[in-house]
Amino acid sequence: MDIFFKSDEKREMKSEVREDAAETILYERRSGDVLSQIFSDFEKNGGYENLSGKGRPLEIKSLDPLGSVLSNANVLPVWLTLQHEIRDLIQVVMKQIESEESVEVIEQGLDEINQRIRKYNRLVPIPSMQRNIIVMDSIHLQFQKWL
C-alpha cells in the first residue's frame with residue numbers, strides 16, 4: 001500500500017477506519033443518537049414545562065395503546081378518516097340515484113367509492129373490519145354497514 005499512497009494520506013485513512021469494536025461502539029453512542037440529543041436539548045430549553053396534562057397519566061381506554069394516545073391527542077387514524085369520507089360519498093351517490101342522474105355519473109361515483117374502499121381495506125388494523133365494494137343494486141343495504 002505504500003506504493004499507492006503518500007505517508008500523509010495513509011495517516012488520514014487510518015483515522016477514518018475504526019477497526020476496534022469497542023471504539024466503534026463508543027463513537028456511535030456519542031455521535032449516532034441524534035434524536036436523543038434533540039429531545040435532551042428540547043428538555044434543557046424547557047420544552048416540556050408547559051404541556052397540557054403534564055404529570056397526569058395517559059388514559060389507555062382499549063388494548064390499542066397507539067389508538068388511545070392518538071385519541072387523547074384528538075387525532076383520527078387515516079383509516080377512520082377514510083371511513084367517514086366513504087360514508088359521505090355513498091350518501092352523495094344515493095342522492096344521485098334518487099334524483100335519477102345519468103348512469104355514467106353514478107358509476108363514476110361508485111368507482112371513486114370502491115377505490116377508497118380498497119384503500120380502506122388495506123389500512124384497517126383488523127381484517128374483520130374490511131368491507132365489500134359497493135354496487136348500485138344494493139347500495140342502500142350496504143350503506144347501513146358504514147354507519
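Where a number appears in this text, it was derived from the coordinates with a stated rule and is not lab data. Predicted model only: the values in this text are computed from it and were never measured. When we count neighbours, we look across all protein chains shown, and the Cβ atoms used for this are built from the backbone with ideal geometry, even at glycine.
Observations on the structure shown:
- Packing order of peptides 51-57, 80-86, 125-131, highest average first: 80-86, 125-131, 51-57 (average count of other Cβ atoms within 10 Å over each peptide's residues).
- Highest-first packing order for the peptide set 92-99, 113-120 is 113-120, 92-99, based on the mean count of other beta carbon atoms within 10 Å.
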